[in-house]
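Everything below concerns the one structure shown next.
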2 protein chains.
Amino acid sequence: MQTMGLSRLVLVNPQRYPDADAYAMAAGASSILDAARIAASLDEALAGAALAIGLSARPREFAGTVLPVRAAMHEAMRYVASGEVALVFGTEMSGLSNAELSRCQVVATIPAVPDLGSLNLAAAVQVAAYELRVAAHGDAVWTAPAFEPATQDEIERLFAQGERALIALDFLRPAQPKRLLARLRRLFSRARLEKEEVNILRGILARIEERVEAGWRKP
Amino acid sequence: MQTMGLSRLVLVNPQRYPDADAYAMAAGASSILDAARIAASLDEALAGAALAIGLSARPREFAGTVLPVRAAMHEAMRYVASGEVALVFGTEMSGLSNAELSRCQVVATIPAVPDLGSLNLAAAVQVAAYELRVAAHGDAVWTAPAFEPATQDEIERLFAQGERALIALDFLRPAQPKRLLARLRRLFSRARLEKEEVNILRGILARIEERVEAGWRKP
């Protein structure tokens, strides 16, 4: 919950609270357990909510609106501007009962292999919280540091030097079709060369040309 | 893994294997542990893979292609037709090292609250496996049983009867603007009435009209 940006936990009629095991497993997120609200019933827990979304893996006869969890979390985001939204999870053993699910306007289901049982509770909470975060904030993540890209003329000089080096190595015959060069162009084009990489490659090529001229003797 | 349709687990240099705790936590998925392959190194584990996607929460200097986990799993699906794809996870304590991540062509990151630490390993595996399943199979889920929808003429007869009942109740004044009826139309339009629901509502309305005519006496 904490890593996904959620903070308000409501526990309905918990067997034990506070519980040492729960704190041990919460790692750095004990503040969420500290602030948990205890409700005597699901109705009490949901009293202030404008939209309740129940997570359920099993088909139910009177389920009403059933959505994949991704669409359900987008529906949640449509509501948060005007009212509180509750995500409702059942117990580890049996999930939500029909009576509990009847309090939910939307049933959210996590796509899974049919007939293989459902996710455990923590896994289901994780997926729902993740989808809610992506629905709320998009999924932009850190990007790799940007290195300066090589320019077209730098890359062409690299290819020209590479061609000379391959000829010097007697690997490329100038008279023969240049499929090899086309393949190498394709490879380096896909890689989107950076300036520094062009310099490194040209350094290697220059060394090859030197060594070939020197007859491959050690300097 | 099993619920999301994955079956091939490779453990790199595990501290204990097989491990009773692992089996206890695997619930119905012990066959995945039974079939796990043990590798002495990450290179050995990845030997047959055409694409390795490393999960990492932390920015790295030489990370190369960094994608949100959703986009990374779509990238995985582009590869599975032609080669094996590996999802690479680090240890619970420290994640993937830079050396380990350098074996991965794609770094996948799970969107999260910045600076709040990363997901635990099981949670990260769950999210990645979920996104892979959605990328592979879409997120169609079970739909609620389809009840026969009411037709427009059935709904119009319901509204006409409702209007009569509200007038009989002296709740709706025929001479006044009918904003009330418009609001009720909006409500029932949003609900997309089913045939059986129309019948139930008309039954209720009929009973109201009866009772009003009888002067609200008990029958």
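Note on chain A: with neighbouring protein chains present and a 1.4 Å probe, carbon and sulfur make up 55 percent of its accessible heavy-atom surface. Helix A:179-191 and the long axis of chain A differ in direction by around 40°, with both axes built from C-alpha atoms.
Using a 1.4 angstrom probe on protein heavy atoms only, the contact between A and B buries about 3500 square angstrom of accessible area, both sides summed.
Inter-copy label distances at B:G138, using a point 7 Å along Cα-to-Cβ, come to 2.7 nm with the shortest given first. Across the copies of the chain, B:S82 has label points (7 Å from Cα along Cα→Cβ) spaced 5.0 nm apart, shortest distance listed first. In chain B, the beta-carbon sitting nearest the axis that superposes B on A belongs to the residue given here with its distance in angstrom, B:Q126, 3. Compared with the dominant Cα axis of chain A, that is its longest principal axis, helix A:195-213 is turned about 30°. Counting every C-alpha pair in the protein assembly as shown, the share spaced more than 40 angstrom apart comes to 41%. Of A:A146, A:A52, A:A123, the residue with the greatest mean-square motion in the GNM of chain A, using alpha carbon springs below 10 Å, is A:A146.
As a length-normalised measure over Cα pairs under 8 Å and 6 or more apart, the relative contact order of the stretch B:8-119 settles at 32 percent.
What nm distance separates the two modelled labels at B:A27 and A:V212, each placed 7 Å from Cα along Cα→Cβ? Output for this residue pair reads 6.3 nm.
With θ taken as phi - 60° and the Karplus curve 6.51 cos²θ - 1.76 cosθ + 1.60 applied, the whole-hertz 3J(HN,Hα) list for the stretch A:161-174 is 5, x, 4, 4, 5, 5, 5, 4, 6, 6, 8, 10, 8, x Hz, x standing for glycine and proline. With protein chains left intact and a 1.4 Å probe, residues in the stretch A:124-204 average 64 Å² of accessible area per residue. With 30 Å² as the minimum drop in accessible area between chain alone and full protein complex (1.4 Å probe), the qualifying residues in the stretch B:121-165 are B:Q126, B:V127, B:Y130, B:R133, B:D139, B:V141, B:W142, B:A144, B:P145, B:F147.
Each other residue within a Cβ distance under 12 Å of B:Y17 adds +1 if Lys or Arg and -1 if Asp or Glu, for a net charge of -1. Aspartates and glutamates near A:K195 by alpha-carbon distance under 20 Å, same-chain residues fewer than 8 away left out - which ones? Within the straight-line cut-off, A:K195 pairs with A:E148, A:D153, A:E154, A:E156, A:E163, B:E61.
Annotation: amide H of A:V12 within the under-5 Å range of A:A39, sequence separation 5 or more or interchain, hydrogens built in the peptide plane.
The values are calculated or read from the model by the stated rules, or taken from the named source; none is laboratory data. Because the structure is predicted, anything quoted here is derived from the model rather than measured. Methodologically, a virtual Cβ is constructed for each residue, glycine included, from the backbone with ideal geometry; neighbour enumeration extends over all protein chains shown. What goes into the accessible areas is simple: the full protein's heavy atoms, side chains included, and nothing from ligands, DNA or RNA. Shrake-Rupley method; radii C 1.70, N 1.55, O 1.52, S 1.80 Å.
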